[in-house]
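Below: one structure, written as structure tokens.
The values are calculated or read from the model by the stated rules, or taken from the named source; none is laboratory data. Quick caveat: nothing in here was measured; it's all calculated off a predicted structure. Note: accessible area is taken over every heavy atom of the protein model, side chains too, but ligands, DNA and RNA are not part of it. Shrake-Rupley method; radii C 1.70, N 1.55, O 1.52, S 1.80 Å.
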Amino acid sequence: MFFKKTIAGIAALTTVAAMSGVTAFAAEDEVAKDNGYKDGTLNALVYSEDNKTTLDCRYYDALPSVPYVKLTDFYKNWSSKELEVKNNNDGTFEVKSSLGAVGIIDINADTIKTDDAGYFYSTEDEVEADSPLNDLYVKDDPQERKILACTIDLGAYNIDIIADNDDIWFPVPTLCDIYVTGYKNPFYMDNTLYFGGELMTPFSITEIPMSDERLTGIAEASYEGVSRPQDLIDYNYNELCFSFDLTYGFPGRPYFTPLLKEKGLDGMLSEGNDSTKKIKELLLSDDIASYTAGFDLLNTYLWDGGHTQFAAIPEVNQAISQKISEEIGPSLEVSLENSSDFNADITNMMATLEWAKAARDEMIKDVDYIETVETTETEVGYIYCEKDDVAFFSFDGFDTDRAAWDAYYHSDGEMPSEVASNFYKCVVKADHNPKIKKFVIDMGTNTGGDSMVLAYMMSLIADVNKLDVYLPAYDIIDSTTYKVDKNFDKVLDEKDTDFKTDLKFGVITSNSSFSCGNLFPSMAHDNGMVLIGETSGGGACAIQVRLTADGNIYVLSSGICLVDKDGNSIDLGIKPDYENVKINEDGSKDFSETYNFKNISNYFNDFYKLTSDAETTTTTTTATTTTTTTTSATTETTTESTTSKSTESTTTTAAEETTTTTTTKTEEKKYFAPLSKMGEMAAADYEAKNGTAPADSVLKDNGDGSFSIILSDDKGNVLDTYTVDGETCKGKDSKGNDVDLPQTGNNSVKTVAAAAVAVGLMTVGAGAAYVSGVGRKKQDNE
């Protein structure tokens with residue numbers, strides 16, 4: 001839907017703003033265009049492992065490490081359509097897209113200009129109003145198209161466009177960064193061009209670069225004596241800066257956001273402070289380990305809660321990882337002034353998830369009715385239960401299988417059993433139960449996902465049919481309107497518009513409610529629903545996933561920014577109406593007042609004025625007093641062992657004060673992270689150093705403040721045993737080597753690279769810049 005669809009090129013999204021004011025590099029003499037080259041053949045996979053082809057390519061003497069391909073060949077495979085090219089014989093070429101939009105490519109200035117970015121950087125199947133891509137259980141309304149111009153200035157980044165007679169040649173990674181859409185995400189990796197599909201599908205940029213096979217190959221490779229070639233060093237850095245400036249949406253959290261807006265990524269690194277200058281130096285190093293360290297350190301200055309992340313893949317190689325930790329890191333001598341502690345942020349988010357889940361699971365032990373479905377490969381799980389006059393619905397992500405829904409709506413496939421369809425079933429069930437008056441939706445354990453699911457849910461419970469986004473490149477608010485097949489009968493009719501319920505709805509939030517998990521409470525608040533818990537985790541930009549020219553994956557907050565009904569950014573989260581999450585002395589959180597049916601019912605009564613004034617006063621007092629810091633909750637500690645494989649850990653649950661009159665208080669211990677999290681961190685540390693992920697990790701309390709973490713494979717064979725201090729998560733492995741879990745366990749390649757998807761990010765393609773209003777055609781009869 002909104003963020004999956006490409007309605008215009010990403011150039012149209014951010015380029016005008018980013019490039020017109022950015023002087024990315026000091027002026028240099030342009031590399032001669034008449035240099036020699038070697039012919040070659042580039043293997044390509046077109047939207048499938050089975051659809052293989054080859055493209056003619058060239059390796060120019062000025063850039064022998066990076067292949068160039070003809071724009072027409074790339075475009076044909078990308079869109080399955082022809083691109084028309086006319087040589088104006090003056091150093092410029094007129095190029096017409098399959099949708100009829102015209103652009104001018106200037107090979108002397110190295111620029112691409114078009115007056116209609118929406119149709120120049122999109123494909124027919126993504127902009128047609130009747131496309132199957134736009135016709136699932138949420139169907140976007142046809143919009144009047146905004147026709148906006150944009151210019152891509154590759155010359156500002158020393159990236160050459162080369163022409164030969166009537167052919168125009170581009171570096172392959174550059175084309176991949178330009179022609180990105182919600183459903184088409186091309187990338188170049190390991191001498192192969194992949195025309196990847198939609199994010200979070202098997203054949204995509206989020207899956208293939210992080211495959212076990214590729215990571216194992218990198219982990220086992222020898223880089224001894226290998227230097228990065230200078231041409232790749234320069235191009236890789238230039239392309240990273242170009243891609244970043246083209247895409248980035250400035251969510252606002254990084255300290256150097258004003259400098260990024262003014263001078264782009266290179267300007268920020270060059271002028272920020274001594275630490276950013278050192279990061280640039282590392283990125284331009286010919287030493288693979290130094291470069292890898294620099295790429296990783298980008299997280300310290302660009303972390304924005306999860307939508308912008310950089311995964312230094314060579315860290316899976318033990319030799320490189322060891323060199324970084326033992327040689328490069330200790331000798332950096334950087335203060336990292338004005339940086340963000342993204343490791344602590346990730347730890348807090350993951351710990352909050354566990355604390356919230358533990359309280360949730362304790363609450364649902366005593367209910368009148370419950371149904372739970374575990375998440376499998378074919379079904380997305382959920383929890384639905386009823387207690388007294390409250391219905392409770394919990395799910396961990398806005399997941400959906402668009403291919404399965406496409407089969408259901410267009411090929412007589414079965415209706416998928418997942419979040420949207422199960423939510424409808426549960427709302428109807430609650431509405432038919434005369435005892436149930438209140439329906440609370442749990443975002444406390446929800447880290448986001450596909451905005452199409454969110455759009456369906458908000459339409460079902462509040463008749464919302466519009467989403468506003470802010471486009472910083474043009475400083476405008478744009479809106480998308482849509483219709484919803486609420487009952488999934490494949491027809492948009494009065495049964496959908498007439499669907500009503502007498503239920504009152506509310507939302508539970510936590511600091512882990514991120515991305516769509518943050519947008520949902522924002523829209524709920526805008527539509528008069530009660531919010532309970534703590535301020536949500538924020539996240540206000542759709543994402544793009546990219547690969548550097550040398551194959552490192554990174555994720556960027558794009559220029560599609562979510563706003564509330566007044567046009568304000570929601571990046572810093574949504575404050576609830578009733579804040580009742582308590583912080584214990586050891587820093588852990590007590591969600592027992594949040595996940596409490598009696599409290600939920602009372603909050604609904606107060607917010608919706610469903611009770612007498614006396615009852616309202618009592619409830620308000622309770623809500624106020626529970627916001628204060630307290631240590632009265634009991635915190636359990638592990639006495640024997642805890643396995644990190646458990647996804648429903650209860651090792652840090654807080655006893656509910658409302659149901660416990662006497663407790664035996666255990667000694668409170670200050671641990672760096674929840675115990676099950678320590679196991680995950682140890683497994684991530686082992687994988688980062690050895691290239692193999694342990695199948696299991698078991699913790700044993702040594703009774704002296706330390707823990708032994710036993711790591712084993714899928715056959716139960718012990719791989720290693722870490723002994724770490726509970727407060728610092730630092731210690732030794734079985735060979736006596738230092739272990740620093742906060743440094744490596746929270747920042748393994750898979751953690752950083754996949755977190756953007758695991759944290760449930762809204763995805764965007766080039767054209768989402770204009771959302772539906774820029775690129776989508778109206779039907780002729782509308």
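When only C-alpha pairs under 8 Å and at least 6 residues apart count, what is the relative contact order of region 452-586, in percent?
Reported relative contact order: 24 percent.
What does the C-alpha gyration tensor say about the overall shape of region 404-472? Classify as rounded when a/c is under 1.5, otherwise prolate if a/b is larger than b/c, or oblate. In terms of gyration-tensor shape, oblate.
For Arg228, the accessible surface of its heavy atoms amounts to roughly 20 Å² (probe 1.4 Å, protein chains only, rounded to the nearest 10).
Rounded, prolate or oblate for region 211-362? Axes are the square roots of the Cα gyration tensor eigenvalues, ordered a ≥ b ≥ c, and the cut-off for rounded is a/c under 1.5. Cα axes put region 211-362 in the oblate bin.
Rounded to the nearest 10 square angstrom, Asp496 shows an accessible area of 10 square angstrom against a 1.4 Å probe.
Quick one: compute the contact order of region 265-419, relative version, from alpha carbon pairs under 8 angstrom and 6+ residues apart, as a percent.
13
Pull up the cross-link candidates among the aspartates and glutamates for Lys466, meaning alpha carbon to alpha carbon under 13 Å and not fewer than 8 places away within one chain. Leaving aside aspartates and glutamates fewer than 8 places away in the same chain, those within reach of Lys466 are Asp140, Asp141, Asp478, Asp526, Asp564. Ordered from highest to lowest accessible area with the whole protein assembly present and a 1.4 Å probe, His307, His410 read as His410, His307.
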